[in-house]
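A short worksheet on the structure shown next.
What follows is calculated from the coordinates using simple rules that are stated; it is not laboratory data. Values in this document were obtained by computation on a predicted structure and should not be read as measured data. FYI the Cβ positions are ideal-geometry reconstructions off the backbone, even for glycines, and counts take in every protein chain you see.
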Amino acid sequence: MNQNLLFRRIPKVDLLLGREEIQSLIPLYGRCRVTEAVQEETDKLREELRAEIEKAEKRESLRKGESGRAEPSEAEKEAEAALERSLSERIEKLPERIRIFLEELFRPGLRRVINGSGTILHTNLGRAPIERRIAERLADLVSSYSNLEYRLSEGRRGERYSHFEKLLCRLSGAEAAMAVNNNAAAVLLILSTLASGGEVITSRGELVEIGGKFRIPDVCAQSGARLVEIGCTNKTHLSDYEEALNENTKAILKVHSSNYALVGFTESVSAASLKPLAERHGLPLIEDLGSGVLLDLGRYGRMHEPTVQEAVRNGVDVVSFSGDKLLGGPQAGIIVGKKCFIDRMKKHPLTRAVRIDKFTVAALELTLLEYLKEEGIEERIPTLRMIAETEEKVSERAERLLSMLLGSCRGAELSTLPCESQVGGGSLPLEELKSRALCIRPLSMSITALEERLRGLPLPIIGRVAEERLLLDLRTISDAELPELAEELKEVIG
Ligand SMILES: *Cc1c(COP(=O)(O)O)cnc(C)c1O
């Protein structure tokens, strides 16, 4: 086989760069990246050719070994001709491969997806979506200068928390507030500020792991506080707290068991019951609420999730919760509570390391502004809308999607099916929300192939596979997404 001849047929980089199809890519992607793309694609082609020659030669030497003949066989000549043909085809496709390479290189990796999983706060899918109207105002704010840390009334330095602190206080009833990068950072900051070098008392029933290696005992260790575990997994009494107190105790910590539930023979001590004890000993009572919600979800017929207002009313001195869980805002760790404690946290060196940026400040303020007027809040915060929506409303949307598809999706059997959505994000673990899904049973491809195709679309669709069917839960798909979703589904299963 004349290998050199084959390799020499692969065009030189300079030659390719001179071609019109490649030249036209330069204004789009820049000379440097286009040259790189040409280099990488021709290298790839050379590698492919090398591997194929090796394969062909192995086959031939096997054959020679069997027959004992050394001269080139008909089969070898044929293999060489086939190699040449496939090489010619690939050389012809080279400019196209270079164009696709560049297109993919320049496409943002972080993209919008359609969440058909039915999990409302899906950490892998970015948790709470923010209302488009808020997002538009956000874009305006962050694409110009702002008074992020500047007091317009006095013409001097201000505080980035000032834009939402008063709002948080009004909404929660707390004296002071701030926010950091996420709730994990909030807990770390609280313990570092209030309990470092001392002991913090926590019930064994509340030693939460929230995933991503975040465990309460580890965070506590990181903060320099010593965790004193009390009670048993299922039961902790007030006397357990009393007995653990000593001169080294610096705080009492309660953690909301946000992502699990203890049922049966259980007992825990409420913040309200702990308050007098903490007060008597001059200790701060801290509560990590996890999700933290500003309204009673019971109004939507859902289970009650402890609200931030309740924690404040119960006398908790420092409360922390996430911005992008049930609140439905940006990723943040919100801290509300007594001014004396919050002031110390604002001054702690760790705060600078976990501080929120202007995107978060803007999105948090705009989200909280929506909460000021309570009426119709579930229309303005997507997370609450999805939690509040009735089964009937979701079913209507499922039927609407089905009717948009019927007649133009011959590659699959389509129907709608009752299903259950989840709140997710480590919130309301026992709550199963009755919902409805579009059910796709593909006729000409496997269910895994369908699932993969949908994931690979320009606007990826994430579904749930259940017994040879793909389910798209309409609770987490909005009205506005239906036309795009229908178009894409028709493409794939039309
Ligand atoms: C989710 C959660 C956290 C962490 O919040 P992030 O905002 O994700 O960092 C901490 N504690 C509890 C109890 C949680 O549920």
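Explain nothing, just the number: relative contact order of the range 132-379, from Cα pairs under 8 Å at least 6 residues apart, as a whole percent. This gives 25 percent for the range 132-379. The label-point distance for E159 and S86, in a model that sets each label 7 Å from Cα toward Cβ, rounds to 6.9 nm. Kirkwood analysis of the Cα pair distances in the chain returns a hydrodynamic radius of 27.2 Å.
Of the residues E392, E379, the one with the fewest other Cβ atoms within 10 Å heads the list, and the complete ranking is E392, E379. With contacts taken as Cα pairs under 8 Å at a separation of at least 6 residues, the chain carries a relative contact order of 17 percent. Label positions at L482 and K77, each projected 7 Å from the Cα along the C-beta direction, are separated by 6.7 nm.
Classify the range 114-201 from the C-alpha gyration tensor, please: rounded if a/c falls under 1.5, else prolate or oblate depending on whether a/b exceeds b/c. Cα axes put the range 114-201 in the oblate bin. Computed on the range 91-202, with alpha-carbon pairs under 8 angstrom and 6+ residues apart, the relative contact order is 8 percent.
The residues packed around G376, meaning those with a beta-carbon under 14 Å from its beta-carbon, carry a net charge of -2 if Lys and Arg are +1 and Asp and Glu are -1.
Dividing the helix sum by the residues of the chain, where each DSSP H run of 4 or more adds -39500 (n - 2.57), gives a mean residue ellipticity at 222 nm of -14000 deg cm²/dmol.
With 25 Å as the limit, the listed pairs K213/K325; K44/K64; K235/K346; K12/K77; K254/K358 have K44/K64; K235/K346; K12/K77; K254/K358 beyond it between alpha carbons. The calculated FRET efficiency for the pair E247 and K213, based on their C-beta separation and a Förster distance of 30 Å, comes to about 0.35.
Residue exposure proxy: V316, V492, V361, ordered by other Cβ atoms within 10 angstrom of their Cβ from fewest to most, comes out as V492, V361, V316. For the range 353-494, the Kirkwood hydrodynamic radius from C-alpha pairs, put into Stokes-Einstein at 4 °C and a viscosity of 1.567 mPa s, yields a diffusion coefficient of 77 µm² per second. Listed from fewest to most Cβ neighbours within 10 Å, the set K166, K213 follows the order K213, K166.
Put simply, the convex hull of the Cα atoms in the range 343-430 casts, on average, a shadow of 10.6 nm². Applying the criteria of a DSSP loop state and at most 12 other Cβ atoms within 10 Å to the GluC sites (Glu not before Pro) of the range 455-494 yields E467, E468. PRE reach from D357 (point 7 Å along Cα→Cβ): which of the range 326-347 fall under 14 Å by backbone N? Of the residues in the range 326-347, 331-332 have backbone N under 14 Å from the label point off D357.
Note on the range 3-106: percent of Cα-Cα distances in each 10 Å bin, starting at 0 and stopping at the bin with the largest distance, equals 14, 39, 24, 15, 8, 2. Selection among L207, A75, M386 by position relative to the dipole of the chain gives L207 as farthest towards the positive end (Cβ unit charges, Cα centre).
Here the chain is treated with +1 on each Lys and Arg Cβ and -1 on each Asp and Glu Cβ, and its dipole about the Cα centre works out to around 1140 debye.
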